[in-house]
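Q: Attaching a single structure in structure tokens format; questions to follow.
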Amino acid sequence: MTAAIEVDEVSKRFGATVALDAVSFTVDVGTVLALLGPNGAGKTTLVRVLTTLLVPDSGHARVGGFDVQKDARTIRSMIGLAGQYATVDELLTGRENLELVGLLYHLDKELYRTRAQEALERMSLASAGDQQVKTYSGGMRRRLDLAASLIGQPPVLLLDEPTTGLDPRTRNDLWGFIEELVAEGTTVLLTTQYMEEAEHLANSIVVLDSGRVVAKGTADELKDRLGGNVLEVRVNKRADLDRAASLIANFGNGPSRTNPDLNQVLLPIRDGASVLIAAGRALQDHGVALDDLGIRRPSLDDVFLAITGHTTDTHAVEAGNTEISR
Amino acid sequence: MTNVTIKNLRSASAPLTPKLALRDAEGIAKRNLLRILRTPRQVFGSIIQPCLILLVFRYMVGGAIHIPGVDYVNYLVPAIFLEAVLMGGANTSLALAQDLQMGMIERFRSLPMARSAVLIGRTFADACRNVLALMFVIALGILVGFRFHNSLGACLAGIALIILFGYAFSWFYATIGLAVKDPQTAQTFSLLPMFILFFPSSALVPIPTMPGWLQPFAAHQPVTVTIDALRALFDGGPVFNNLWQAISWCVGIFLVFLVVSLNLYRKATA
Ligand SMILES: Nc1ncnc2c1ncn2[C@@H]1O[C@H](COP(=O)(O)OP(=O)(O)OP(=O)(O)O)[C@@H](O)[C@H]1O
Ligand SMILES: [Mg+2]
């Protein structure tokens, strides 16, 4: 079947800021697309275009074959949105919030009552359902917000950083939950700053940076762009770090990255075992004491760095300490 | 499974009938009424404010104001009734600015609901709050010596006019809330009608006591004609001229700010 979401050369600027620069991609029905990018990449802007909240300057976007500008109301009836910041009414109870959204989706009273109850249970909020939202924790609010986006049982779900600020257990629950929805046939577009999340949930990934699509494909395809593997060296003494980096530089097919906090050098390489052995020997010959030496598949973090020249913002602290040597 | 999904995607939404739009507005109004009931502090504020003004002018300032042939308490109190709903409108702009800031408006705009429902539900709930506050102010007015002298019908018509005036102005306040977007600024701007319309009117002192350059404005602006109509409806006397002017003002203000605020809402973002 065709695409559930089509984004075709969509651009949007705010004054001098180019928030989206000719962004194009499609999301097939029943799949998950992760929109990956650091702060200010344009993720929220794109979600707002797709949810009819923002009119693009140029380009076209379609959801379920309907144009976001011409058929805005039709689109609103078939999408669920959970925005970046939970938008639930603090003074209402969880249940009242959900029932209001159900009513505004034009469901019958019977139906939105049942669905509100189901959604509360599904999001483990049943016991807090009749408390005012102002007594909820941040994680509970997010879950309520997500529950609200599901009340209409929309075939297309747009989730803007759904797991930011959740503890690992709740995040895992939510991942499981999104997987269930996809198994039921829902199409999901989610934005995230977490590589792990994109890798775990998404069938395809679009990497945005400063409003531009800098890469797209499956997680594996993106990793292949890096041309194979990553050599990971951990030196015993921090003083050896730079020397180690320069000793192995020749074996790499790209710039290496040092991570002083972890006494670590990361180097993209094409071959596997032969490089490992050669690099190990070179380091040993020059008397560099090692804690660890190994090969791993690149993480999306590595990919992001290779593509954009900087890591994702979630890793800003790390990035601050990471020097790229040539 | 795929078929189900395709079907879902292709099903066009049911058309938005007036009945559905009304149901949306009802839902929003109910939400706002719940919010009002759950912040009794604010309700209390909108009751206490006109009551204080009433007491100040009745007992502290009023003694110095002599209007030939009129008991000042009967001159003052209808003006305070109107002031209660005029300033009550400030809650409308505040609440809308808060909804914008909280992102509630974005959520509403992403739903297939009627666009007008957010503002209709808002102004309706605020009209209810105005009626509640008005009841308290009427009770206090009677307590401090105000009396209705006209027929029951005329008095009820007067109260209806106050509610109509408050409702029309709540669309003006909705426009302010959507235009300034920030709750604090919205509150500041909401004081404007007090200084631009209420003080330079016949509310507290007769217009001939004002400087000549101010009199033409003061005599013809909506607060003056409405208060004069109210005095006639409560006390007796010729009412027609002021009443039709007051109603025209209300309808005009309602229509203009209905259009402006719906337009702002369509584009509204935090
Ligand atoms: N309403 C707006 N007015 C002006 N500039 C805006 C507006 N919305 C977004 N921008 C700018 O557009 C760019 C993209 O913003 P956007 O919110 O889409 O990024 P994002 O990828 O969602 O970032 P984050 O991860 O921080 O949520 C940023 O530079 C932002 O400052
Ligand atoms: Mg964002």
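Q: Pairs, please: C-beta under 6 Å, at least 6 apart or cross-chain, first residue closer than 22 Å to B:LEU86 by Cα and in the stretch B:50-65, second among the hydroxyl-bearing types (Ser, Thr, Tyr)?
A: As it stands, the answer is B:GLY62/B:TYR72, since those pairs meet every condition given.
Q: Can you name the number of the only condition in (1) more than 25 Å from B:PHE108 (Cα to Cα); (2) within 13 Å of ligand 2 (Cβ to nearest atom); (3) touching a Lys or Arg at 6+ places or on another chain (Cβ under 8 Å) that A:VAL23 fails?
A: (2)
Q: Select from the stretch A:28-45 the residues that are closer than 16 Å to A:PRO162 by Cβ and within 14 Å of another protein chain (Cβ to nearest Cβ) and write down the one among them that is farthest from ligand 1 (Cβ to nearest atom).
A: A:VAL32
Q: Taking the condition more than 16 Å from ligand 1 (Cβ to nearest atom), in contact (Cβ under 8 Å) with a residue 40 or more places away in the chain and in the same structural domain as A:ARG122 (by TED's automatic domain parsing), does A:SER11 pass?
A: In short, no.
Q: Separate question: If a residue has to be among the basic types (Lys, Arg) and modelled with pLDDT under 95 to count, how many in the stretch B:18-37 make the cut?
A: 1
Q: Shifting gears a bit: Tell me the residue from B:ILE48, B:ILE53, B:ILE28 that is in a helix (DSSP H, G or I) and in contact with a Lys or Arg (Cβ under 9 Å, 6 or more places away or on another chain), please.
A: After applying the criteria, what remains is B:ILE28.
Q: Out of the stretch A:150-198, which residues are among the hydroxyl-bearing types (Ser, Thr, Tyr) and more than 16 Å from ligand 2 (Cβ to nearest atom)?
A: A:THR170, A:THR186, A:THR187
Q: I would also like to ask the following. In this structure, does B:ALA232 turn out to be surrounded by fewer than 21 Cβ atoms within 10 Å (Cβ to Cβ), assigned to a helix (DSSP H, G or I) and over 20 Å from the mean Cα position of the chain (by Cα)?
A: Yes; evaluated as a whole, the condition is true for this residue.
Q: May I ask you to verify whether A:VAL206 is surrounded by 18 or more Cβ atoms within 10 Å (Cβ to Cβ), over 13 Å from the mean Cα position of the chain (by Cα) and either within 14 Å of chain B (Cβ to nearest Cβ) or not in a helix (DSSP H, G or I) (or both)?
A: So A:VAL206 fails the test.
Q: Okay, next question. Which ranges mark the helices (runs of 4 or more DSSP H) fully within the stretch A:62-181 that have 2 or more residues being under 25 Å from the mean Cα position of the chain (by Cα) and among the basic types (Lys, Arg)?
A: Here the list reads A:138-150.
Q: Kindly list, by first and then second residue, each pair from a residue in the stretch A:92-104 that is modelled with pLDDT of 95 or more to a residue that is of a type in the set (Asp, Glu), limited to pairs with Cβ atoms under 7 Å and residues at least 6 apart or on different chains.
A: A:THR93/A:ASP130; A:ARG95/A:ASP130; A:ASN97/A:ASP89; A:LEU104/B:ASP24
So that you can scan it fast, the table gives a plain yes or no per residue for (1) at pLDDT 90 or above; (2) away from chain B (no Cβ under 14 Å):
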{"position": "A:GLU121", "(1), (2)": "yes, yes"}
{"position": "A:ALA126", "(1), (2)": "yes, yes"}
{"position": "A:THR135", "(1), (2)": "yes, no"}
{"position": "A:GLY139", "(1), (2)": "no, yes"}
{"position": "A:ARG143", "(1), (2)": "yes, yes"}
{"position": "A:LEU150", "(1), (2)": "yes, no"}
{"position": "A:LEU158", "(1), (2)": "yes, no"}
{"position": "A:THR164", "(1), (2)": "no, yes"}
{"position": "A:ARG169", "(1), (2)": "no, yes"}
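Q: Can you find a residue in the stretch A:73-81 that is within 16 Å of ligand 1 (Cβ to nearest atom) and either of a type outside the set (D, E, K, R) or crowded, with 20+ Cβ neighbours inside 10 Å (or both)?
A: Looking through the stretch A:73-81, at least one residue is within 16 Å of ligand 1 (Cβ to nearest atom) and either of a type outside the set (D, E, K, R) or crowded, with 20+ Cβ neighbours inside 10 Å (or both).
Q: Kindly check whether there is at least one residue in the stretch A:51-60 that is more than 14 Å from chain B (Cβ to nearest Cβ), on the phi > 0 side of the Ramachandran plot and more than 13 Å from ligand 1 (Cβ to nearest atom).
A: yes
Q: Run down B:ALA133, B:ALA125 and say which single residue is buried (at least 18 other Cβ atoms within 10 Å of the Cβ) and more than 14 Å from chain A (Cβ to nearest Cβ).
A: B:ALA133
Q: I've got another one for you. Identify, from the list A:THR44, A:THR31, A:THR74, the residue that is touching a residue at least 60 places away in the same chain (Cβ under 8 Å) and away from ligand 2 (no atom under 16 Å from the Cβ).
A: After ruling out the rest, the residue left standing is A:THR31.
The values are calculated or read from the model by the stated rules, or taken from the named source; none is laboratory data. None of the values given here were measured: they were computed from a predicted structure. Neighbour counts run over all protein chains shown; Cβ positions are idealised from the backbone, glycine included.
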